[in-house]
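Accompanying notes for the structure given below.
The numbers here are math on the coordinates, done by the rules we state, and not lab data. Note that the coordinates shown come from a computational prediction; the quantities given were computed from them, not determined experimentally. When we count neighbours, we look across all protein chains shown, and the Cβ atoms used for this are built from the backbone with ideal geometry, even at glycine.
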Amino acid sequence: MIDTIFIERGVVNHSRTQSIKSKFKNPTIIEVDRYQEVFNKRSQNFRIQKQNPALILAEKHDNFVLPAPSGFGLASTRNFYFSHMYNCIYDCRYCFLQGMYSSANYVIFVNFEDFFDEIEKSIKANGGQDLTFFSGYDCDSLAFENITGFAESILPLFKSYPKVDLEFRTKSVQLEPLKSGLPIANCIVAFSMMPEELAKRLDKKAPSIKRRINAIEKLAARGWPIGLRFDPLIYSKDWKQLYKGLLMEIMHRVPREAIHSISHGPLRYPKKMYQDITKLYPEELLFSLPMSENNGYVDYGVDVEKEMAEFLIKNLKNYVEEAKIFQCVVQT
Amino acid sequence: MVSDRSKVDVSNVEPTVCWVVALKSEAKPIISHFKLDHQSGNNIFPIYRNDKLGHSLIVSGVGQINAAAATTYLASESGSPPWAAWINLGIAGSMDGEIGKLYQGIKVTNPTKEKVFFPGYRFSKIVSLAEIQTLDYPKPVKKNGVLHDMEASGFIDFATRFSCNELVFSFKVVSDNSEQDMKLIDKMMVNSLIGNRLQQLDALLDKIFTLSKLEKQRLQIPDEVEEVLKQFHFSVTRRNQLIQKLRKWKIQFPNRSISDLVKEAKTAADVIRNIDDALTNLKFDWT
């Protein structure tokens with residue numbers, strides 16, 4: 001439970017600030033000039049802070065919509081992402097956010113409408129092209145939905161642009177407003193997946209794979225397009241057996257017609273990020289396993305990456321057509 | 001800064017909590033509670049310690065500059081490790097705060113220098129959280145929920161250079177408010193205000209020690225690494241490589257001795273190669 005909310009003076013009276021504040025019981029409220037004075041402070045300890053993150057309510061002034069990093073995306077010609085929130089309520093050990101931000105506090109930008117305006121401008125500026133907008137690059141799209149109501153606010157916008165895709169990337173089983181709303185064909189709910197045995201070790205504080213599959217089943221039954229994201233692929237002695245088991249379970253439970261797309265990507269970090277994360281968790285088994293530096297990135301190496309990708313595609317081909325399977329290798 | 005380090009043996013001492021307190025009357029209850037001994041020597045600031053319990057305390061005098069200087073002096077004198085917790089404890093003025101109530105400062109500002117800090121892991125289940133304004137002179141508080149003190153900002157500015165921000169704390173007991181004038185404050189009262197909060201401070205210290213231990217586990221160089229470093233000549237780069245690689249090796253082989261890796265090695269490079277070989281041949285066994 002959030003015990004402290006830092007609020008930028010400029011949004012103290014914003015209706016969304018009031019609404020978010022009301023979701024917490026007696027939080028300590030501290031006013032700040034700009035969110036960066038809390039979030040970007042030197043000497044912060046991400047790992048300790050992660051035990052009790054504060055909430056920061058702020059206004060975003062620019063860079064509402066950004067081109068997705070090279071290698072991140074599906075079939076669209078142009079891919080964009082936006083982040084109404086920084087950081088995540090889960091604590092996945094491989095997550096790049098712990099190496100990207102010095103703070104584990106959650107930042108929510110309350111001026112959603114400015115995001116929507118900029119998204120609309122981008123759609124109009126790229127008229128006629130296949131576009132996908134990704135939510136959940138710097139946070140989990142749905143995990144904080146009961147606090148922010150962001151998904152509920154943005155869905156009508158994309159309903160009015162049926163040829164432009166929106167992806168919510170999530171591990172959450174908090175299914176509102178999707179469960180009670182009518183499905184929107186161009187709004188994809190994409191779940192990050194890995195074998196349960198690995199998720200138990202790595203996806204800390206996140207719903208189990210079993211619960212995620214239950215959630216997928218429910219949303220698929222409602223008619224929402226489903227994305228499956230095997231990203232990152234985690235290597236282990238018995239990875240083939242583990243991933244095969246996971247794929248069998250998904251194929252058994254989720255009708256193939258519900259699948260919009262499947263993407264996969266290797267475990268890979270820019271060198272500096274890898275160093276920062278391993279310093280935070282030097283005792284972590286994940287980082288004691290052999291990874292090597294290749295062209296400024298630390299990864300399992302081309303052979304392992306290729307073997308895993310090929311295995312996944314081979315096993316998915318009987319489930320969905322290959323055109324729905326994408327490899328995601330982000331070059332940040 | 002002049003010190004007589006020969007009088008203070010720091011070789012086997014590992015203070016885990018470093019207290020910076022402005023007044024002797026504020027320090028007395030802590031000195032007594034944790035049985036701290038005065039350190040003799042030409043100390044610029046009086047220092048008290050109990051190495052068994054892991055506490056060091058320095059009496060800084062009033063004001064931000066004194067607090068900053070004393071913090072730096074204590075770090076230097078005690079050889080505090082980067083996982084030490086730093087605590088600034090003292091009295092503070094308030095407008096609406098109840099006299100005698102303990103607060104944790106989670107936003108500390110210095111209006112003169114336009115500095116702002118957000119120190120410490122927050123312990124909202126044990127203590128109320130507040131904003132502290134550090135001023136150069138005593139001044140009545142005109143805003144609810146804000147405390148006035150004279151040291152916190154200077155203390156935090158420097159303590160966060162010796163430990164991480166989450167292990168630097170400012171705890172204040174309200175000594176005066178809109179109904180009780182600051183002129184009534186005397187040594188006896190200060191002593192009693194702090195003394196009455198010892199139980200609450202113990203509860204806080206319990207949690208602080210846990211965080212400090214976690215940070216120690218993260219940062220401490222294992223003894224076995226020190227042994228290897230003594231046996232071979234390692235450049236700075238190779239030393240850092242050794243520490244990182246041996247940590248990984250130890251995670252994978254918790255029951256094996258590092259001597260296996262060094263017994264046939266002739267140089268530092270051999271040691272690192274042996275570790276690399278052991279790690280490369282791993283089978284990624286997770287389950």
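If all Cα-Cα distances of the range B:223-280 are sorted into 10 Å bins from 0 onward, what percent lands in each bin, rounded to whole numbers?
P(r) for the range B:223-280, in whole percents per bin: 24, 65, 11.
Any chance you could get the radius of gyration and Dmax over the Cα atoms of chain B, in Å?
22.9, 76
Any lysines with Cα under 24 Å of the residue B:183 Cα? List them, leaving off those in the same chain fewer than 8 positions away.
Straight-line reach from residue B:183, under 24 Å: B:24, B:28, B:101, B:139, B:142, B:143, B:172.
Could you pull out the pairs from A:272/A:306; A:21/A:210; A:271/B:266; A:60/A:218 whose alpha carbons sit more than 26 Å apart here?
Too far apart for the 26 Å limit: A:21/A:210; A:271/B:266; A:60/A:218.
Among all cysteines in the protein assembly as shown, which have no other cysteine Cβ under 4.7 Å from their own Cβ?
A:88, A:139, A:187, A:328, B:18, B:164
Taking H placed 1.01 Å from N in the peptide plane, check which residues at least 5 places from residue A:6 or on another chain put their amide H under 5 Å from its amide H.
Amide H neighbours of residue A:6: A:30, A:55, A:56, A:57.
In deg cm²/dmol, rounded to 500, what helix-only [θ] at 222 nm does chain A give when every DSSP H run of at least 4 residues adds -39500 (n - 2.57) and the total is split over its residues?
The per-residue figure over chain A is -9000 deg cm²/dmol.
What list of whole percents do you get for P(r) of the range A:273-332, with Cα-Cα distances grouped in 5 Å bins up to the one holding the largest distance?
Going out from 0 Å in 5 Å bins, the range A:273-332 shows 3, 15, 19, 19, 16, 13, 10, 5, 1 percent.
Could you tell me which GluC sites (Glu not before Pro) in the range B:151-227 are loop residues by DSSP with no more than 13 other beta carbons within 10 angstrom of their beta carbon?
Answer by residue number: B:179.
Based on the Cβ-Cβ distance of residue A:303 and residue B:52, what FRET efficiency does E = 1/(1 + (r/R0)^6) give at R0 = 51 Å, to the nearest 0.05?
Result of the calculation: an efficiency of 0.40.
At 7 Å along Cα-to-Cβ for each site, give me the label-to-label distance between residue A:281 and residue B:233 in nm.
4.0 nm
Using a Förster distance of 45 Å, how high is the FRET efficiency between residue A:310 and residue B:224, based on the Cβ-Cβ distance and rounded to 0.05?
Working from the Cβ atoms, E equals 0.65.
Report the paramagnetic label zone for residue A:210: residues of the range A:242-279 whose backbone N is under 18 Å from a point 7 Å from Cα along the Cα-to-Cβ axis.
A:242-243, A:245-254
At 7 Å along the Cα-to-beta-carbon direction for both residue A:221 and residue A:12, put a label point, then send me their distance in nm to one decimal.
If labels sit at residue A:221 and residue A:12, their model points lie 4.9 nm apart.
Using only alpha carbons, build the gyration tensor for the protein assembly as shown and give me the equivalent ellipsoid semi-axes, biggest first, whole Å.
Sorted largest first and rounded, they come to 48, 35, 18 Å.
Can you compute the label reach from residue A:59? Point 7 Å from Cα along the Cβ direction, backbone N cut-off under 11 Å, restricted to the range A:96-118.
Residues A:110-111 fall inside that zone.
Based on alpha-carbon centroids, what's the gap between the range B:41-62 and the range A:104-183 in Å, whole number please?
Here the answer is 55 Å between Cα centres.
With chain A treated as a Gaussian network of Cα nodes joined by springs under 10 Å, which of A:196, A:37, A:167 yields the largest mean-square fluctuation?
Highest fluctuation of the listed residues: A:37.
Using only the alpha-carbon atoms, what does chain A span along each of its principal axes? Please give whole angstrom values in decreasing order.
Here the Cα extents, ordered largest to smallest, are 54, 47, 36 Å.
Taking Rh as the Kirkwood radius, which is the inverse of the mean 1/r over Cα pairs, what is the Rg/Rh value for the range B:106-210?
Using Cα coordinates only, the ratio equals 0.96.
In the range B:134-287, if every C-alpha pair distance is counted and binned at 5 Å from zero, what percent goes to each bin?
With 5 Å bins starting at 0, P(r) equals 1, 7, 12, 12, 11, 9, 8, 7, 6, 6, 7, 6, 5, 2, 1, 0.
How much length is gained if the chain between residue B:137 and residue B:37 is pulled fully straight, taking 0.36 nm per residue apart and subtracting their Cα-Cα distance, in nm to one decimal?
Here the segment from residue B:137 to residue B:37 would lengthen by 32.9 nm.
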